[in-house]
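The values are calculated or read from the model by the stated rules, or taken from the named source; none is laboratory data. It should be emphasised that the depicted structure is a prediction, and the values quoted were computed from it without experimental measurement. Here the Cβ positions follow ideal geometry from the backbone for every residue, glycine too, while neighbour counts run over all protein chains shown. Protein only, heavy atoms only, side chains kept; ligands, DNA and RNA dropped before computing areas. Shrake-Rupley method; radii C 1.70, N 1.55, O 1.52, S 1.80 Å.
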Amino acid sequence: MKNFDIIKKPILSEKTYAEIQNKKYAFVVDKKANKVEIKKAIEDIFGVKVKSVNTANVNGKFKRQGKTQGYTSDYKKAYVTLTADSKAIEFFESLS
């Protein structure tokens, strides 16, 4: 798997905005990727040093509109913590 196939998109929410100052970032990642692959992809794409990676599988929510009902897609998210001496990820600097 290539780096850009592993990291799909950043998660931007109130909780993740608060953690940007602590060099903690959240990403939606490929469901088959493990922590080692995620760490390597983040380091290669953004040029930073990763301290730890925590992952969570998120089940889709049940949604209903009129007669139509179903579930949203399942996905995997990764919380990435950078080392203290690492530079911040530039994409998130303008958001904090």
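Computed values, structure above
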{"item": "Qualifying residues in segment 42-96 (those that are open to solvent by less than 30 Å² (accessible area, probe 1.4 Å), among the hydrophobic types (A, V, I, L, M, F, W, C) and assigned to a strand (DSSP E or B)) - the one farthest from residue 32 (Cα to Cα)", "result": "82"}
{"item": "Residue satisfying all of: in segment 1-41; open to solvent by less than 40 Å² (accessible area, probe 1.4 Å) and among the hydroxyl-bearing types (Ser, Thr, Tyr); nearest to residue 91 (Cα to Cα) among these", "result": "25"}
{"item": "Test set (1) free of Cβ contacts under 8 Å to residues at least 60 places away in the same chain; (2) more than 13 Å from the chain's Cα centre (by Cα) - residue 86 fails condition number", "result": "(1)"}
{"item": "Selection count, segment 18-36, where residues are over 13 Å from the mean Cα position of the chain (by Cα) and part of a helix (DSSP H, G or I)", "result": "4"}
